[in-house]
Amino acid sequence: MVEAAEAALAEQGYVSAIDFLTRMGLLALAHVDDWRRGRLPYLEPAIQGSFEKLSRTKTLFLDWARNHNLKPSQTAYLARTTGPGRELQFSESGDPATELFYRTHYVSPALSEKKQEKLREKLSIANGSHCQPRRSPFILIGRCNPKMREERYGVSQSRVLWSCPAVSQLKG
């Protein structure tokens, strides 16, 4: 666990549960991708190992993060699907402590405040928490069944603008 967490921290300046679990080989990136796309209802069942092993690993990780004075930073995870953003759930139980564990990224104290802010913005974009759809006549959704378009977006025209800093730069 320590090697996986340290590798993620050195590479990214932060580490999350998903980072160290994938690097340890306990969680397949394909499962993470399926979960983020809304194909898996929960991520935790895709993690290999017993409940006891996962509990010990979580405890070791939290102790390691505290010993390295890493700053906890909560990150929202939204499904990468069409339609309104849906917050992803990590565990079947939805236990707040478990959800908080997975949503927390631990940031290196060596990063300047400016770099930490850029990192928070980057994580927000990567996890989809910055985009919210709204009706607009500007960006074409593409070919879409009119009935489905009406149900998903509440509009009869096949157009949607995302109120998202990354996408708004694409207007033109």
The range 9-23, residues that are among the aliphatic types (A, V, I, L, M) and either surrounded by 18 or more Cβ atoms within 10 Å (Cβ to Cβ) or under 22 Å from residue 79 (Cβ atoms) (or both): 9, 15, 17, 18, 21
Those residues of the range 1-52 which are acidic (Asp, Glu) and touching a Phe, Trp or Tyr at 6+ places or on another chain (Cβ under 7 Å), in sequence order: 44
Residue match in the range 84-95 (condition: loosely packed, with under 12 Cβ neighbours inside 10 Å, in contact with a Ser or Thr (Cβ under 7 Å, 6 or more places away or on another chain), at pLDDT 85 or above and closer than 16 Å to residue 19 by Cβ): no
Verdict on residue 59 being at pLDDT 65 or above, over 17 Å from the mean Cα position of the chain (by Cα) and among the β-branched types (Val, Ile, Thr): yes
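One line per residue, one yes/no per condition, for (1) in contact (Cβ under 8 Å) with a residue 40 or more places away in the chain; (2) under 20 Å from residue 7 (Cβ atoms):
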{"site": "20", "(1), (2)": "yes, yes"}
{"site": "46", "(1), (2)": "no, no"}
{"site": "52", "(1), (2)": "no, no"}
{"site": "57", "(1), (2)": "yes, yes"}
{"site": "65", "(1), (2)": "yes, yes"}
{"site": "84", "(1), (2)": "yes, no"}
{"site": "96", "(1), (2)": "no, no"}
{"site": "99", "(1), (2)": "no, no"}
Filter result for the condition that a residue is of a type outside the set (Val, Ile, Thr), over 17 Å from residue 104 (Cα atoms) and exposed (fewer than 13 other Cβ atoms within 10 Å of the Cβ), over 66, 39: 39
Selection status of residue 73, farther than 19 Å from residue 39 by Cβ, out of contact with any strand residue (DSSP E or B) (no Cβ under 7 Å at 6 or more places or on another chain), surrounded by fewer than 18 Cβ atoms within 10 Å (Cβ to Cβ) and in the same structural domain as residue 19 (by TED's automatic domain parsing): no
Residue in the range 10-17 that is more than 29 Å from residue 110 (Cβ to Cβ) and free of Cβ contacts under 8 Å to residues at least 60 places away in the same chain present: no
Test: residue 52 is touching a Ser or Thr at 6+ places or on another chain (Cβ under 7 Å) and modelled with pLDDT under 95: no
Flag for residue 5 being within 14 Å of residue 70 (Cβ to Cβ), of a type outside the set (Asp, Glu) and over 16 Å from the mean Cα position of the chain (by Cα): yes
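The values are calculated or read from the model by the stated rules, or taken from the named source; none is laboratory data. Bear in mind that the values here come from a model prediction, so they are computed numbers and not experimental data. Ideal geometry is used to build each Cβ from the backbone, glycine not excepted, and the neighbour counts take in all protein chains shown.
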